[in-house]
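K.L.:
Sharing a structure below in structure tokens format, with a few things to ask.
The values are calculated or read from the model by the stated rules, or taken from the named source; none is laboratory data. Note that the structure is predicted; figures quoted are calculated from it, not measured. Neighbour counts are summed over all protein chains in view; Cβ atoms, including those assigned to glycine, are modelled from backbone coordinates with ideal geometry.
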Amino acid sequence: MEKVKIEVKNNRQNEDPIEVVYLGSLMEKEKETHIAYNESVLTGMEGVKTVLIINDNHLEIIRTGNIRSKMIFKEKYRDNFVYRMNEGAMSMALETDELSVGRQGKQIDIYIRYRLEIAGDQADRNEMRIRITRN
């Protein structure tokens, strides 16, 4: 396993952007890249481990611990999933409008434009940028 820095910037419609930097680990598995890190108190998700699984045409974000979920980002794909917390669970759906993964040198850059629907409410538009830098 290799140590990496993970920079995540999330823009939600009509909200200020959120930027968080994590330290984690990277592991290559056949045609996938796995990135693992622990969430921060700053995100309100203390006690949660996040794993990113980067493939050629999709990205999975798996959370375990105090929050449990598995989200699949794939262009023109609707993913219905359950977001489980200690307090209860919510049905969610996300539709990925755009996903790009670029690899250059020691960096992996991911861009996602998607809509997130929570418990049947109108979907919010979101953009997420993830930069992974190998040490």
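K.L.:
Could we say that residue 16 is within 18 Å of residue 129 (Cβ to Cβ), modelled with pLDDT under 95 and not in a strand (DSSP E or B) here?
P.N.:
Working: within 18 Å of residue 129 (Cβ to Cβ): yes; modelled with pLDDT under 95: yes; not in a strand (DSSP E or B): yes.
When the stated conditions are applied, residue 16 passes them.
K.L.:
Quick test for you: out of 49, 3, 9, pick the one residue that is more than 13 Å from the chain's Cα centre (by Cα) and outside any loop (DSSP other than H, G, I, E, B). Working first, answer last.
P.N.:
Working: 49 fails: more than 13 Å from the chain's Cα centre (by Cα); 9 fails: more than 13 Å from the chain's Cα centre (by Cα).
That would be 3, the only listed residue that is more than 13 Å from the chain's Cα centre (by Cα) and outside any loop (DSSP other than H, G, I, E, B).
K.L.:
Give all pairs with beta carbons closer than 9 Å in which a residue from the range 22-37 that is closer than 9 Å to residue 54 by Cα meets a residue that is small (Gly, Ala, Ser) and in a strand (DSSP E or B); count only pairs at least 6 apart in sequence or on separate chains.
P.N.:
What qualifies is 34/25; 35/24; 35/25.
K.L.:
Right, next: Report the residue count in the range 22-44 for those that are out of contact with any Ser or Thr (no Cβ under 9 Å at 6 or more places or on another chain) and either modelled with pLDDT of 85 or more or loosely packed, with under 11 Cβ neighbours inside 10 Å (or both).
P.N.:
Filtering the range 22-44 down to residues out of contact with any Ser or Thr (no Cβ under 9 Å at 6 or more places or on another chain) leaves 23, 25, 28-33, 40-44.
With the extra rule that they be either modelled with pLDDT of 85 or more or loosely packed, with under 11 Cβ neighbours inside 10 Å (or both), the set shrinks to 23, 25, 28-33, 41, 44.
Within the range 22-44, residues that are out of contact with any Ser or Thr (no Cβ under 9 Å at 6 or more places or on another chain) and either modelled with pLDDT of 85 or more or loosely packed, with under 11 Cβ neighbours inside 10 Å (or both) number 10.
K.L.:
From the list 100, 69, 91, exactly one residue is in a strand (DSSP E or B), hydroxyl-bearing (Ser, Thr, Tyr) and within 25 Å of residue 134 (Cβ to Cβ). Which is it? Please lay out each step first, then the result.
P.N.:
Values: 69 fails: within 25 Å of residue 134 (Cβ to Cβ); 91 fails: within 25 Å of residue 134 (Cβ to Cβ).
Answer to the check: 100.
K.L.:
Okay, moving on. May I ask you to list the residues in the range 3-22 that are of a type in the set (Asp, Glu) and more than 12 Å from residue 37 (Cα to Cα)?
P.N.:
Looking only at the range 3-22, we keep the residues that are of a type in the set (Asp, Glu), and these are 7, 15-16, 19.
Those that are of a type in the set (Asp, Glu) and more than 12 Å from residue 37 (Cα to Cα): 15, 16, 19.
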